[in-house]
C-alpha cells in the first residue's frame, strides 16, 4: 500500500510539472499578443479648426476614442448637425459608441448630445457630479453617472472626477504602453492642475495631452510658464486646440516642434506600443 501511495504521489508530481510547463508559456504568450495588438485611435469629430476636407469646423470639441474595451465619445460639440455630418464624412457610426463622457456643462461640449441619443439611446453618460437632473431629462439620458472622484470606466480608461470651483469639469485619462494620454474639454480648472491630478491618480509619465487648454486671455509670458510646467511634468507630445487660443497654440507649436500635433476635424491619432501615427 505504501508503494502504491508513493507511486501515485510521483505520478501526480510529474503530471503537475508537465501541466505547468505547458500552461505558463501559453499564458505569457497570450499576454504578449494582447499587448502587441492594442491600438488606441482618437478621431477628432468637432473642433474649431478643419483638418480633413468635407468636414465642418465649429466652436466646440468632440472626439471618439477606440481600441479599449469600450468605444468612448468624449464631448459632443456645439450642435448635433455638425457632429452627425462629420461622423458621416469620417465613417464613424454613432450607434457603435458604448459610453459618453461629458467634460462640463457648456453648450460647445454638450450641444450634440441629442444627435447621439437619437441614434444610440441606451449608452451611459458620465458627467461631473454637479450636473442637474434637468440636464438628464432634457437630453433623454437613461443611464446618468455623476462622477465626483477618480474612477475607471473601462480597462485603461479613467476620469479625473469633478474638478474646479466656479466651473466644474472632468477630463479623460487613458493608460497606454507609451504613457498617459489626457483628453481635456476646456481645462477651466487649469490645465496644469489636470496634469498633476492625472499623475497623482496613475503615477505614470504623460505621453500626450490634447484638447482645449482655455488660455485665450493668457499673455505670452503666462503661456511660456505653462509650457515650462508641461516640460517639468514630462509631457512628451501636445495637441492644443479649441479654446486654447490661436496665438497660444502657436507658442506650444514653436516649443514642441515635431512633438506638436496639429488638431482639427478629421484628424486621426493612432498610438501603439511602438509609437504614434497621424492620419
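Computed from the coordinates by the stated procedures, all read-outs in this text should not be read as laboratory data. Please read all numbers here as calculations on a predicted model, not as lab measurements. With ideal geometry, Cβ positions are generated from the backbone for all residues, glycine too; neighbour counts draw on all protein chains shown.
Structure remark: mean-square fluctuation, Gaussian network model of the chain, C-alpha springs under 10 Å; the largest value among 225, 125, 80 belongs to 225.
Extending 7 Å from the Cα toward the beta-carbon at both residue 203 and residue 137 defines two label points whose distance is 4.5 nm. Modelling each spin label as a point 7 Å along the Cα-to-Cβ direction, I'd like the residue 255/residue 233 distance in nm, to one decimal. In this crude label model, residue 255 to residue 233 measures out at 1.1 nm. Within the stretch 133-170, what residues put their amide N at less than 12 Å from the label point 7 Å along the Cα-to-Cβ vector of residue 69? Counting backbone N atoms under 12 Å from the label point, the list is 152-158.
Take the Cα of residue 167, step 7 Å toward its Cβ, do the same at residue 107, and the gap between the two points is 1.4 nm.
Once you divide the Cα radius of gyration of the chain by 2.2 N^0.38 Å, the number left is 1.21. One decimal place: the segment residue 52-residue 89 gains 12.4 nm when fully extended, by the rule 0.36 nm per residue minus the C-alpha distance.
Highest mobility in the GNM of the chain, judged by mean-square fluctuation with C-alpha springs under 10 Å and restricted to 47, 255, 175, is found for 255. Among 267, 232, 78, the order by Cβ neighbours within 10 angstrom, fewest to most, reads 232, 78, 267. Note on the chain: with a GNM built from Cα contacts shorter than 10 Å, the maximum mean-square fluctuation among 45, 94, 233 falls on 233.
Taking Cα atoms only, the orientation of helix 246-256 departs from the longest principal axis of the chain by about 40 degrees. Taking every C-alpha pair closer than 8 Å and separated by at least 6 residues, the mean separation divided by the residue count of the chain gives a relative contact order of 18 percent.
The distance from the alpha carbon centre of the stretch 216-249 to that of the stretch 102-161 is 27 Å, rounded to a whole number. Residues 109, 242, ranked from the fewest to the most other C-beta atoms within 10 Å, line up as 109, 242. Counting other Cβ atoms within 10 Å as a rough exposure proxy, the listed residues 50, 129 run 129, 50 from fewest neighbours to most.
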